[in-house]
């Protein structure tokens, strides 16, 4: 497989070249990413979906994160980055159906398996209202461990500090199921289906540390994403 390359920028978003993904994260070059948060409506209540990252990820493994997101590869345009929805969740939707929410400038850092990283991103953030159950999503097992949903009100209260914990229901990628997950859904080799898992307590500290302001701004904007 050809090593992944990103376009890199200065802190004013001026393009300065391309570099390998590993070098971009090792040296902290600015690069671009695509975020999409999915919501669904049930009666008068709006729900928000978020994923749990696989433990093998090179940044923030095992953390809860944006419904679907990814880096723009070298030469890739923003409208092409919506491929992340299909790759990670099996969602096929035209880029034009997404609602632009904001652009976030983020600087994150950490260490995974003894390797430090610096992740500096210009993130274009979008929303999508998609009224389908969790079981209808096809999770990319190499990237997504599981997919959860909670009332949007609850997740916003969590990041506002109005509560310490909320409870979310989710589905887990079929390929990464362990013996402790008790409720099984039929699956086939040709068409793997996520398996249901029980409700799980969720804390703000378990999310990728995009920052409280990021989460609050995005979640408040999600109330205004047009209905499906």
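When you look at residue 219, is it in a helix (DSSP H, G or I), more than 17 Å from the chain's Cα centre (by Cα), crowded, with 19+ Cβ neighbours inside 10 Å and at pLDDT 95 or above, yes or no? So residue 219 fails the test. With respect to the conditions (1) at pLDDT 95 or above; (2) in a strand (DSSP E or B); (3) over 24 Å from residue 216 (Cα atoms), residue 111 lacks only one, and its number is (1).
Would you confirm, using the coordinates I've provided, whether residue 68 is buried (at least 20 other Cβ atoms within 10 Å of the Cβ), free of Cβ contacts under 8 Å to residues at least 40 places away in the same chain, under 23 Å from residue 96 (Cα atoms) and touching a helix residue (DSSP H, G or I) at 6+ places or on another chain (Cβ under 9 Å)? Criteria met by residue 68. So, of the residues in segment 91-106 that are surrounded by 14 or more Cβ atoms within 10 Å (Cβ to Cβ) and in a loop (DSSP other than H, G, I, E, B), which turns out to be modelled with the lowest pLDDT? Here the answer is 93.
For segment 72-82, the set of residues classified as touching a strand residue (DSSP E or B) at 6+ places or on another chain (Cβ under 8 Å) and modelled with pLDDT under 95 consists of 78, 81, 82, listed by residue number. The residues on offer are 158, 130, 152, and the sole one that is more than 17 Å from residue 204 (Cβ to Cβ) and modelled with pLDDT of 95 or more is 130. Mind listing just one residue for me: the one in segment 28-46 that is farther than 19 Å from residue 104 by Cβ and in contact with a strand residue (DSSP E or B) (Cβ under 7 Å, 6 or more places away or on another chain) and, of those, surrounded by the fewest Cβ atoms within 10 Å (Cβ to Cβ)? Of everything passing the filter in segment 28-46, 45 is surrounded by the fewest Cβ atoms within 10 Å (Cβ to Cβ). Filter segment 49-60 down to residues that are more than 12 Å from the chain's Cα centre (by Cα) and closer than 13 Å to residue 109 by Cα and give me whichever is surrounded by the fewest Cβ atoms within 10 Å (Cβ to Cβ). Among those residues, the one meeting the criterion is 58. The one condition from (1) buried (at least 18 other Cβ atoms within 10 Å of the Cβ); (2) under 17 Å from residue 228 (Cα atoms); (3) in contact with a helix residue (DSSP H, G or I) (Cβ under 6 Å, 6 or more places away or on another chain) that residue 82 does not meet is (2).
The values are calculated or read from the model by the stated rules, or taken from the named source; none is laboratory data. This one's a predicted model, so the numbers in the text were calculated from it and none came from an experiment. No Cβ is skipped: glycine too gets one built from the backbone with ideal geometry, and neighbour counts run over all protein chains shown.
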